[in-house]
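The values are calculated or read from the model by the stated rules, or taken from the named source; none is laboratory data. Note that the structure is predicted; figures quoted are calculated from it, not measured. Note: ideal-geometry Cβ built from the backbone for every residue, glycine included; neighbour counts use all protein chains shown. These accessible areas exclude ligands, DNA and RNA; they are computed on the full protein's heavy atoms, side chains included. Shrake-Rupley method; radii C 1.70, N 1.55, O 1.52, S 1.80 Å.
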Amino acid sequence: PTSCQAEQLSAAERAYDDALRIAPGSTRARIGLAEVQLQRSQRDCGVTEDPDTRALALARRMFEGARRAGAADPIIDARASLGVSRTVACRVYAGMTNDDSEVVRVATLLSSLAKNEAHVLAPLAAEALSYRGLTARRMGRSNEAASAFEGAIELARDPARRALWLSFLADVQGGRPICDTDRARATYVQALDAYDKLIASADDAVRMQLQ
């Protein structure tokens, strides 16, 4: 992280530590601390391939601890499970492991629970599917990657995430071994349309502020 990001992460860490002193059993604070470690590890995981391995290992242990502590709460359990999945995905991207079974397990579990985008777990399931798509693509399982991205897009509520996953899907469809240029082109058009709508929405928001 940059020095500014490092300061923000340190401030977040202090806030979560304070929360745990007030409420030692807070699983949300535990997940927050795990997220801080994951962000510290990344140096933008999924874009670069050089994670901080110690911070990454600590993040996984903290997510696993939060999952055990919050097993009775389906949302806490899902958030912590997704956190573990993300740490594994980082390791796959960095070439540290070829075992993405935890990523597959979490994506399968959450997507089976979240049947549509209105479900409370849909955003977490969509993220889990996107990480399954990323690791599958990284490991050359293109058809699996395409299916995972399609699932993430179907459950997506966030227009920006949907646009991003459409572009990922188009990359997979157009690349080897699928090489379906017509489908890839159509998906790219959907992605561009989604990005255009985001830009138009941002422009409208700026104009309203200026009025």
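May I ask you to order 70-79, 194-203, 140-149 by the average number of other C-beta atoms within 10 Å around their residues, highest value first?
Going by the mean number of other Cβ atoms within 10 Å, highest first, we get 140-149, 70-79, 194-203.
Can you give me the angle between helix 101-113 and the longest principal axis of the chain, using Cα atoms only, in degrees from 0 to 90, rounded to the nearest 10?
The angle comes out near 80 degrees.
Would you be so kind as to identify which of 20, 108, 82 lies farthest towards the positive end of the dipole of the chain, taking Lys and Arg as +1 and Asp and Glu as -1 on Cβ and the Cα centre as origin?
My answer, from the dipole projection, is 20.
Between residue 178 and residue 13, what FRET efficiency comes out of the Förster formula 1/(1 + (r/R0)^6) with R0 = 25 Å and r the beta carbon distance, rounded to 0.05?
On the way: r = 43 Å, r/R0 = 1.71.
Once the sixth-power term is evaluated, E becomes 0.05.
Expressed as an acute angle from 0 to 90° and rounded to the nearest 10, what is the orientation of the C-alpha long axis of helix 181-210 relative to the principal long axis of the chain?
60 degrees
Roughly speaking, to the nearest percent, how much of the chain's 1.4 Å accessible area is carbon and sulfur?
Answer for the chain is 53 percent, counting heavy atoms of protein chains only.
Counting only heavy atoms of protein chains, what accessible area per residue, in Å², does the range 1-115 have with a probe of 1.4 Å? Walk me through the intermediate numbers first.
On the way: 5940 Å² over 115 residues.
Per-residue accessible area for the range 1-115 comes out at 52 Å².
Round to the nearest 0.05 the FRET efficiency obtained for residue 186 and residue 139 when R0 = 35 Å and r is the Cβ-Cβ distance.
0.85
Evaluated at 25 °C with a viscosity of 0.890 mPa s, what Stokes-Einstein diffusion coefficient in µm²/s does the chain have when Rh comes from the Kirkwood expression over alpha-carbon pairs?
The diffusion coefficient I find is 134 µm²/s.
Cα axis of helix 27-42 to longest principal axis of the chain: angle in degrees, 0 to 90, nearest 10?
For 27-42 against the chain, the angle is about 60 degrees.
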